[in-house]
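Read-outs: derived from the displayed coordinates by stated rules, not from any lab. Note that the coordinates shown come from a computational prediction; the quantities given were computed from them, not determined experimentally. All Cβ positions, glycine included, derive from the backbone under ideal geometry; neighbour counts span all protein chains shown.
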Amino acid sequence: MTLPLDALHRRLGARMVGFAGYSMPIQYEGIIAEHLWTRGHAGLFDVSHMGQILLPLGDAAGLETLLPGDIAGLGEGVLRYSLLLNEAGGILDDLMVTRRAGDYYLVVNGAMKAADIAVMAAAGLAVDHRTDWALLALQGPEAVDVLEGLVPGVAALRFMRSGGFDWQGQALWVSRSGYTGEDGFEISVPAAAAETLAEALLADARVRPIGLGARDSLRLEAGLPLYGHDLGPETSPIEAGLGFAISKRRKAEGGFPAADRLMAELLDGPARLRVGLAIDGRAPAREGATVHVGDQTVGVVTSGGFSPSLERPIAMAYVERGCAGDGTGLEIEVRGRRLAATVVPMPFVTKNYVREGKR
């Protein structure tokens, strides 16, 4: 399938690949160059493969039977990161929920949107899947000045806040959020206007188009998990380090899938934990590489690659709890040889979100 910006990507010289059932740009000028440009300036990402879903406000209670977040208590214009759980407490998807004036707006992973919609519909939720919207992400330290120049008022938003804006007669929904660790915005725009908006953003010298390759290396440096790699149906929120997604009220009241199990994991600790690994040398460790202490296998890498910002290989892995402490020395087996690695805090690169009270 093609996305609304397919023709633009090809005009810009993108190398296209199949991803989540769509033809999408993996790179334009090169992953490292695009990565570093986003860290220093502003990168434009096409994330229209993501699912954009509306639910009526009356579905809050029903949604809370599937998610561990406090959905009913969300303030208008507030985003919340949450998790769609199966009956065992495993993660079916991670997603964003925003309360708007008349509905809830959800953004779900592109590869999982059909399955997510089926789960929500089976729970009796009135799902409105908006296939007539595109989704752009403008990320980087110069993103705010660029977008404010086109859409006055967006600079007043803070991290995990959103609002409706008008651009040339088009209604936009803009959130100050993203998947790079940088300040930036995600912009929901009618699909028919997406190319015009993208071209207006790219007309600014501070903005360059960025592909999936740099999106992945940016999120890895930010310590952000990727569904289907670092998260899945066999992964609990607690071992993934996502316990914050279980809101205070929900911890007290329960009512979400496997609440007893997850509360026990919060109290006693899980058997394994997602950790960051700094790897010695220059060779990266990729997904599936095993993690060892001597002759004992203690974990597996779920994401790994070369960090353009740090100029060294980094990875995320699930390891046994006793091996998860910062500073723990481990080894990763790659092509028959062992690479020395050390457990380090995440994010690997400082996040630059603009929160409330921060100028």
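What list of ³J(HN,Hα) values in whole Hz, one per residue of the stretch 26-40 in order, does the Karplus curve 6.51 cos²θ - 1.76 cosθ + 1.60 (θ = phi - 60°) give from phi, with Gly and Pro shown as x?
Values, residue by residue: 8, 6, 10, 9, x, 4, 5, 4, 5, 4, 5, 4, 5, 5, x Hz.
How long are the three semi-axes of the equivalent ellipsoid of the stretch 271-359, in whole Å, if each is the root of 5 times an eigenvalue of the C-alpha gyration tensor, listed from largest down?
25, 16, 10
Peptides 222-230, 201-209: what's the order by average Cβ count within 10 Å, highest mean first?
Result, highest mean first: 222-230, 201-209.
Mind sorting R312, R355 by how few other Cβ atoms lie within 10 Å of their own Cβ, fewest first?
Result, fewest neighbours first: R355, R312.
Between A122 and E320, how high is the FRET efficiency from 1/(1 + (r/R0)^6) when r is the Cβ-Cβ distance and R₀ = 30 Å? Nearest 0.05.
0.25
Would you kindly derive the ³J(HN,Hα) couplings of the stretch 77-92 from the backbone phi angles with the Karplus curve 6.51 cos²θ - 1.76 cosθ + 1.60 (θ = phi - 60°), listing them in order in whole Hz, with x for Gly and Pro?
Values, residue by residue: x, 9, 8, 9, 6, 8, 9, 8, 10, 8, 5, 8, x, x, 8, 7 Hz.
For V17, which sequence-distant residues (separation of 5 or more, or a different chain) have an amide H within less than 5 Å of its own amide H, given hydrogens modelled in the peptide plane?
Here the answer is M24, I26, since their amide H atoms fall under 5 Å of that of V17.
State, as an integer percentage, the relative contact order of the stretch 271-359 based on alpha-carbon contacts under 8 Å between residues 6 or more apart.
Reported as a whole number, the value is 34 percent.
Can you tell me how much longer the chain between A61 and A20 gets when fully stretched, taken as 0.36 nm per residue apart minus their C-alpha distance, in nm with one decimal?
Between A61 and A20, full extension yields 11.8 nm more.
Per residue and in cubic angstrom, what volume does the convex hull of the Cα atoms of the stretch 189-260 have?
For the stretch 189-260, the hull spanned by Cα atoms encloses 181 Å³ per residue.
For the chain, what log10 I(q)/I(0) values come out of the Debye formula at q = 0.07, 0.09, 0.12, 0.14 1/Å, with one point per alpha carbon and no solvent?
Log10 of I(q)/I(0), two decimals: -0.30, -0.51, -0.92, -1.24.
Using the 10 angstrom Cβ neighbour count as an exposure proxy, how do V189, V293 rank, fewest first?
So the residues, fewest neighbours to most, are V293, V189.
Starting from the Kirkwood radius over alpha-carbon pairs of the stretch 31-133, derive D by Stokes-Einstein at 25 °C in a medium of 0.890 mPa s and give it in µm² s⁻¹.
It diffuses with D of about 166 µm²/s by this estimate.
At a 10 Å Cβ-Cβ cut-off, how would you order F256, F306, F45, F244, fewest neighbours first?
F244, F306, F256, F45
If the viscosity is 0.692 mPa s and the temperature 37 °C, what Stokes-Einstein diffusion coefficient in µm²/s follows for the stretch 116-244 when Rh is the Kirkwood radius over Cα pairs?
Stokes-Einstein gives a translational diffusion coefficient of 198 µm²/s.
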